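Peer 1: The structure that follows is given in the form of structure tokens.
The values are calculated or read from the model by the stated rules, or taken from the named source; none is laboratory data. These figures come from a predicted structure and were not determined experimentally. All Cβ positions, glycine included, derive from the backbone under ideal geometry; neighbour counts span all protein chains shown.
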Amino acid sequence: MRLSIADDVFVNQACHFDMQALIRIESGVRIGNHVRFVTSDHEVGPSGRRAGPGRSAAITIGRGTWICSGATILPGVSVAEGNIIAAGAVVTRSTEANCLYAGVPARLIKRLDQEESAP
């Protein structure tokens, strides 16, 4: 099985899971619509064929994380617990816990208090 989803996880509509490698989603995660989990890509090839040999790597989404609409999580990324991944972000590297990441590529925007909640 290449998709592991814990209890108390919400996945909105039109999400994509390519599952060429394991995708593990821990408890309490919320996933917005049109989020993409991409576990495969290609090495850079020569000029005659830039998409070289394929490769894949697992993705892990940590407990309590919120991934907003249209975000993309790329191969080999571990999103740490308690993160917010902003709408449209492209996560190319593993993250620190309890932080807000946004942008293309995603970067740390703000450290979140572990007990911070919505007003």
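Peer 1: Show the residue pairs that are 6+ apart or on different chains and have beta-carbon atoms under 6 Å apart, the first residue being within the stretch 88-115 and over 11 Å from residue 74 (Cβ atoms), the second being at pLDDT 95 or above and basic (Lys, Arg).
Peer 2: Cβ pairs passing all conditions: 99/111; 100/110.
Peer 1: Follow-up question, since we're still on this one. What are the pairs, 6+ residues apart or on separate chains, where a residue within the stretch 15-35 that is free of Cβ contacts under 8 Å to residues at least 60 places away in the same chain has its Cβ under 6 Å from a residue that is part of a strand (DSSP E or B) and basic (Lys, Arg)?
Peer 2: 16/36
Peer 1: To continue, here is another question. What pairs come up if the first residue lies in the stretch 42-60 and is over 17 Å from residue 72 (Cβ atoms) and among the β-branched types (Val, Ile, Thr), the second is assigned to a loop (DSSP other than H, G, I, E, B) and modelled with pLDDT of 95 or more, and their beta carbons are under 6 Å apart, counting only those six or more places apart or on different chains?
Peer 2: none
Peer 1: Out of the stretch 62-87, which residues are among the hydroxyl-bearing types (Ser, Thr, Tyr) and touching a residue at least 24 places away in the same chain (Cβ under 8 Å)?
Peer 2: Taking the stretch 62-87 and keeping what is among the hydroxyl-bearing types (Ser, Thr, Tyr), we get 65, 69, 72, 78.
If the condition is that a residue be among the hydroxyl-bearing types (Ser, Thr, Tyr) and touching a residue at least 24 places away in the same chain (Cβ under 8 Å), then 65, 69, 72 are the ones that fit.
Peer 1: If you check residue 44 against the conditions, is it aliphatic (A, V, I, L, M), surrounded by 12 or more Cβ atoms within 10 Å (Cβ to Cβ) and on the phi < 0 side of the Ramachandran plot?
Peer 2: So residue 44 fails the test.
Peer 1: Mind telling me which of the residues 102, 14, 106 ends up being among the aliphatic types (A, V, I, L, M) and within 20 Å of residue 3 (Cα to Cα)? Please lay out each step first, then the result.
Peer 2: Working: 102 fails: within 20 Å of residue 3 (Cα to Cα); 106 fails: within 20 Å of residue 3 (Cα to Cα).
Going through 102, 14, 106 in turn, the sole match is 14.
Peer 1: Hey, another quick one. Would you mention how many residues in the stretch 61-119 are more than 18 Å from residue 28 (Cβ to Cβ) and in contact with an Asp or Glu (Cβ under 6 Å, 6 or more places away or on another chain)?
Peer 2: 1
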